[in-house]
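K.L.:
I have a structure here, written as structure tokens, and I will follow up with some questions on it.
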Amino acid sequence: MHLDLHVTRFDWAGGPSDIGPGLAHLARTAETVGIRTLSVMDHFFQMDMMAPGEDPMLECYTALGFVAGVTRNLRMRVLVGGVTYRHPGLLAKTVTTLDVLSGGRAELGLGAAWYEREHRGLGVPFPPISERFERLEEALQICLQMWSDDNGPFQGKHYQLAETLCSPPPVSSPRPRIMIGGGGEKKTLRLVAQYADACNFFGAPEDVAHKIEVLRRHCDTVGRDIREIEVTALLQADDSWTVDDALRAGEAYAAVGTSTVMASAMGSDPAGKLESLFGPAVERLRSIEPSAL
């Protein structure tokens with residue numbers, strides 16, 4: 001089992017001039033303790049459910065480019081990008097650039113987007129959810145075409161590209177991995193089955209087990225082996241957790257078929273918490289074999 005790190009807040013770092021050094025320290029610490037992948041959110045305002053919208057929030061791909069520059073092996077992804085925020089052709093180019101400059105460490109995370117406040121606040125169109133899912137599927141198709149040998153046009157309902165040229169191509173072979181976030185059972189998990197290399201679920205192990213079964217049915221429908229898809233889940237850790245708590249949680253998720261768990265950057269000193277809580281657990285988590293899907 002792998003352990004990844006998800007960064008949802010930046011208020012712990014201090015003022016604006018402290019965020020860069022703080023994020024660099026956290027990323028280097030994550031790399032040192034054996035975290036495989038660092039992810040950030042794709043939000044322009046902090047989520048109301050987590051903290052005041054006025055709390056600091058970084059643009060995700062600029063932040064990951066910075067992380068790439070201060071690390072050597074740490075993989076990077078957005079968990080997950082909102083399809084409404086970037087034209088798919090420019091998104092593919094952005095992820096490709098990150099992949100090239102990081103030496104093949106970038107992944108694409110994408111979802112249908114949901115946070116209406118920041119859309120309205122920054123003047124970003126927020127179409128109905130049915131249209132957002134249509135755009136999500138077209139965006140996935142465009143990225144895959146841009147990462148292929150086909151430089152020809154793309155004609156979709158929402159996006160039309162005269163050329164899908166992407167030079168230089170990604171360093172990742174055969175292309176950057178694709179994660180689709182969310183657990184919607186009719187649309188999201190169908191897209192996971194059809195296009196994704198990885199998915200991400202929220203909830204207790206029994207909830208994840210249910211989502212895996214739904215995903216399995218979608219895979220059967222499209223003729224895909226579910227074992228080709230990495231199942232990841234966010235740990236709901238708090239300040240009371242011990243290393244043993246982290247290991248027990250990893251075992252519980254592995255028992256239902258999860259192969260990667262994600263810790264959140266916690267507290268006022270997330271690098272210190274990472275070292276004390278999850279650092280000692282990384283190697284022991286790696287020894288846990290997920291149940292066969």
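FYI, it's all coordinate maths here, none of it is from the lab. Please read these numbers as outputs of a predicted model, since none were measured by experiment. We place every Cβ from the backbone using ideal geometry, glycine too, and count neighbours over all the protein chains shown.
K.L.:
In region 200-226, which residues are touching a strand residue (DSSP E or B) at 6+ places or on another chain (Cβ under 9 Å), assigned to a helix (DSSP H, G or I) and surrounded by fewer than 17 Cβ atoms within 10 Å (Cβ to Cβ)?
P.N.:
Matches in region 200-226: Asp207 only.
K.L.:
Of the conditions (1) within 27 Å of Lys187 (Cβ to Cβ); (2) of a type in the set (A, V, I, L, M, F, W, C); (3) in contact with a helix residue (DSSP H, G or I) (Cβ under 9 Å, 6 or more places away or on another chain), Val80 satisfies every one except a single condition; which number is it?
P.N.:
Of everything listed in (1) within 27 Å of Lys187 (Cβ to Cβ); (2) of a type in the set (A, V, I, L, M, F, W, C); (3) in contact with a helix residue (DSSP H, G or I) (Cβ under 9 Å, 6 or more places away or on another chain), Val80 misses just condition (3).
K.L.:
For region 190-199, how many residues meet the condition of being of a type in the set (A, V, I, L, M) and either closer than 20 Å to Ser39 by Cα or surrounded by fewer than 16 Cβ atoms within 10 Å (Cβ to Cβ) (or both)?
P.N.:
To start, the set of residues in region 190-199 that are of a type in the set (A, V, I, L, M) comprises 191-193, 196, 198.
If we keep only those that are either closer than 20 Å to Ser39 by Cα or surrounded by fewer than 16 Cβ atoms within 10 Å (Cβ to Cβ) (or both) too, we end up with 192, 196, 198.
Number of matching residues: 3.
Residue by residue, here is whether (1) within 14 Å of Pro290 (Cβ to Cβ); (2) without any contact (Cβ under 8 Å) to a residue 24 or more places away in the chain holds:
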{"site": "Val192", "(1), (2)": "no, no"}
{"site": "Ala196", "(1), (2)": "no, no"}
{"site": "Phe201", "(1), (2)": "yes, no"}
{"site": "His218", "(1), (2)": "no, no"}
{"site": "Gly223", "(1), (2)": "no, yes"}
{"site": "Glu230", "(1), (2)": "yes, no"}
{"site": "Asp244", "(1), (2)": "no, yes"}
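K.L.:
If you don't mind, another one. Is it true that Met47 is closer than 20 Å to Gly123 by Cα and either among the hydrophobic types (A, V, I, L, M, F, W, C) or surrounded by fewer than 18 Cβ atoms within 10 Å (Cβ to Cβ) (or both)?
P.N.:
Judged against the criteria, Met47 is a match.
K.L.:
Turning to a different aspect of this structure: Output the residue which, of all residues in region 227-263 that are of a type in the set (S, T, N, Q) and under 21 Å from the mean Cα position of the chain (by Cα), is surrounded by the fewest Cβ atoms within 10 Å (Cβ to Cβ).
P.N.:
Gln236
K.L.:
Specify which of the listed residues (Arg86, Arg120) is under 23 Å from Gln160 (Cβ atoms), charged (D, E, K, R) and surrounded by fewer than 23 Cβ atoms within 10 Å (Cβ to Cβ). Outline the logic, then answer.
P.N.:
Values: Arg120 fails: under 23 Å from Gln160 (Cβ atoms).
Of Arg86, Arg120, the one residue that is under 23 Å from Gln160 (Cβ atoms), charged (D, E, K, R) and surrounded by fewer than 23 Cβ atoms within 10 Å (Cβ to Cβ) is Arg86.
K.L.:
Also: Given the conditions (1) in contact with a strand residue (DSSP E or B) (Cβ under 6 Å, 6 or more places away or on another chain); (2) assigned to a helix (DSSP H, G or I); (3) not aromatic (Phe, Trp, Tyr), which single one is not true for Thr232?
P.N.:
(2)
K.L.:
Of everything in region 124-175 that's over 21 Å from Val100 (Cα atoms) and under 21 Å from the mean Cα position of the chain (by Cα), which residue is surrounded by the most Cβ atoms within 10 Å (Cβ to Cβ)?
P.N.:
Leu136
K.L.:
Please work out which residue is surrounded by the fewest Cβ atoms within 10 Å (Cβ to Cβ), limiting yourself to region 21-44 and to residues that are among the hydrophobic types (A, V, I, L, M, F, W, C) and free of Cβ contacts under 8 Å to residues at least 40 places away in the same chain.
P.N.:
Looking at residues that are among the hydrophobic types (A, V, I, L, M, F, W, C) and free of Cβ contacts under 8 Å to residues at least 40 places away in the same chain, I get Met41.
K.L.:
Another question, if that's okay. What are the residues in region 64-118 that are of a type in the set (Asp, Glu) and within 13 Å of the chain's Cα centre (by Cα), if any?
P.N.:
Glu107 - this is the single residue of region 64-118 that is of a type in the set (Asp, Glu) and within 13 Å of the chain's Cα centre (by Cα).
K.L.:
While we're on this one: So is Gly121 under 20 Å from Met50 (Cβ atoms), under 15 Å from the mean Cα position of the chain (by Cα) and in contact (Cβ under 8 Å) with a residue 60 or more places away in the chain or not?
P.N.:
No.
K.L.:
Among the candidates Thr71, Thr62, Thr97, single out the residue that is among the β-branched types (Val, Ile, Thr) and surrounded by 18 or more Cβ atoms within 10 Å (Cβ to Cβ). Don't jump to the end; show me each part of the working.
P.N.:
Numbers: Thr62 fails: surrounded by 18 or more Cβ atoms within 10 Å (Cβ to Cβ); Thr97 fails: surrounded by 18 or more Cβ atoms within 10 Å (Cβ to Cβ).
That would be Thr71, the only listed residue that is among the β-branched types (Val, Ile, Thr) and surrounded by 18 or more Cβ atoms within 10 Å (Cβ to Cβ).
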